[in-house]
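Enquirer: Before I ask anything, here is the structure I am working with.
The values are calculated or read from the model by the stated rules, or taken from the named source; none is laboratory data. What you see is a predicted model, and the numbers here were worked out from it, not measured in a lab. In this analysis, Cβ positions are derived from the backbone assuming ideal geometry, glycine residues included, and neighbour counts consider all displayed protein chains. Protein only, heavy atoms only, side chains kept; ligands, DNA and RNA dropped before computing areas. Shrake-Rupley method; radii C 1.70, N 1.55, O 1.52, S 1.80 Å.
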Amino acid sequence: MKRLKLYFVSLVILVSSTVMAQWVQKTSGTTDFLTGIHFPSSNVGFVVGIGGTILKTSDTGETWNTVYSNTNISLKSVYFLNDSVGFAVGNNMLKTTDGGNSWEIIQPFITDINKISFITNQIGFLITSTSLYKTIDGGENWTLKSSMPCVSMSFPSPNVGYVHGNSNSIFKTIDGGETWTLSTPSANPNNISLVSTMFFTGEDKGFFGGYYYAAFTKTTDGGNSWNCVDADCQSDLGVGIKGIYFSSNTVGYAVSQSQNNILKTIDGGATWTGQNLEASVLNDVYFTNDNVGFVVGGVGEIFKTVNGGNLGVASATAQAIAIYPNPTADHLRIDVDSNLMFPLHFKLDNLLGANLIDRRLLSNSSTIELSNFSKGVYVYQLLNANNEIVKIGKIIKK
């Protein structure tokens with residue numbers, strides 16, 4: 001009896017934790033339109049918003065507190081050199097040296113800033129709607145390096161960097177921003193619209209995202225050529241890309257305005273899979289490692305994952321699976337969306353943990369016979385080809 005109780009408690013915990021979304025929304029305490037996120041360490045992170053809000057977490061993103069609020073300042077990007085020293089930028093540049101407890105406006109002549117980023121603790125860049133600036137002393141002083149419109153940028157090394165100017169224009173530097181050459185994307189140039197974000201994993205390999213059709217594009221030769229991330233330039237993959245982040249050379253994420261508003265790759269961007277997170281608008285993404293990450297946007301929306309956003313019961317995968325009737329007298333029907341990858345495995349256990357059915361599913365509709373089973377409660381799991389649970393629950397046999 002004790003073993004039965006223990007198994008039932010374990011089942012409740014497993015079902016509850018799996019049913020929860022693989023992306024869990026955290027309380028932000030604000031309704032500001034959140035635009036940027038950065039973690040200088042695994043525990044400490046910061047988020048900024050259009051309404052002048054700066055949020056901080058010190059417990060790996062479990063709780064967030066407002067450390068700054070000024071509706072006269074619009075913030076778009078945030079970057080911290082360490083847990084204490086950081087910058088938040090937008091129509092002004094703010095700096096803190098005490099972990100966000102206090103902030104001051106610096107460099108008041110630099111306004112309308114779209115992004116700030118550092119390659120080392122000393123070398124950093126920021127871009128505005130009309131120019132690019134560089135610092136070589138940790139942000140104490142900033143020098144104008146280019147007077148060109150700048151929407152987004154990515155510097156994979158201190159010398160090599162890329163900036164999106166306007167229309168389809170992407171510029172490249174190989175001397176730390178001193179000089180720039182034009183690299184115009186060639187993949188569907190008539191359909192690729194304004195680039196809104198870019199991320200390079202190395203000096204030659206990178207991605208940019210923008211709006212409308214074929215707007216998620218990559219290069220593997222330092223910007224000499226650009227191609228859609230998928231061979232067919234699918235219109236439903238990466239429409240309205242707002243943020244891209246790679247936690248390693250192989251694992252990367254992007255947030256978009258398409259139905260699958262979170263995209264993930266585990267092969268360095270060769271292929272991408274989509275996840276549908278029920279959120280209003282996602283603007284930025286950041287991961288502290290391959291599995292723990294965050295997306296922000298909407299009206300104070302912060303979502304966290306601890307398993308790389310792998311699809312679970314509350315995800316699009318689970319929603320594409322129907323297991324019925326429940327309760328049932330004699331059989332179960334399993335209907336699976338045709339877009340899911342087969343084979344799937346259906347497993348059924350009793351409350352003692354003994355496996356009763358282990359069946360491989362190869363079609364969209366399957367029937368599981370239960371007529372010979374005794375009345376009671378049973379536990380089912382549906383696993384994908386990678387042996388990951390995509391749906392779990394209880395079946396009542398009447």
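Enquirer: So which residues in the range 290-335 are hydroxyl-bearing (Ser, Thr, Tyr), modelled with pLDDT under 90 and under 17 Å from the mean Cα position of the chain (by Cα)?
Expert: Ser315
Enquirer: Select from the range 70-91 the residues that are farther than 15 Å from Gly36 by Cα and either assigned to a strand (DSSP E or B) or at pLDDT below 95 (or both) and write down the one among them that is least open to solvent (accessible area, probe 1.4 Å).
Expert: Among those residues, the one meeting the criterion is Asn70.
Enquirer: Taking the range 288-306 as the region of interest, how many residues are closer than 12 Å to Phe33 by Cβ and not in a loop (DSSP other than H, G, I, E, B)?
Expert: Residues flagged as closer than 12 Å to Phe33 by Cβ and not in a loop (DSSP other than H, G, I, E, B) within the range 288-306 amount to 4.
Enquirer: Under the condition of being among the small types (Gly, Ala, Ser) and within 10 Å of Tyr162 (Cβ to Cβ), which residue from the range 182-224 is modelled with the lowest pLDDT?
Expert: Ranking the candidates gives Ser183 first.
Enquirer: Okay, next question. For the range 38-57, enumerate the residues that are surrounded by 19 or more Cβ atoms within 10 Å (Cβ to Cβ), under 20 Å from Gln25 (Cα atoms) and not hydroxyl-bearing (Ser, Thr, Tyr).
Expert: Scanning the range 38-57 gives His38, Phe39, Val44, Gly45, Phe46, Val47, Val48, Gly49, Ile54, Leu55, Lys56.
Enquirer: If you go through the range 226-255 one residue at a time, how many are of a type in the set (Ser, Thr, Tyr), over 9 Å from the mean Cα position of the chain (by Cα) and modelled with pLDDT of 80 or more?
Expert: Final tally of qualifying residues: 3.
Enquirer: Quick check on Lys95: is it open to solvent by less than 30 Å² (accessible area, probe 1.4 Å) and charged (D, E, K, R)?
Expert: When the stated conditions are applied, Lys95 passes them.
Enquirer: Shifting gears a bit: Output the number of residues of the range 138-152 satisfying the condition of being closer than 14 Å to Ser77 by Cβ and modelled with pLDDT under 95.
Expert: 3
Enquirer: Hey, another quick one. Looking at the range 58-67, can you tell me whether even one residue there is crowded, with 20+ Cβ neighbours inside 10 Å, among the small types (Gly, Ala, Ser) and outside any strand (DSSP E or B)?
Expert: The answer is yes; a qualifying residue exists.
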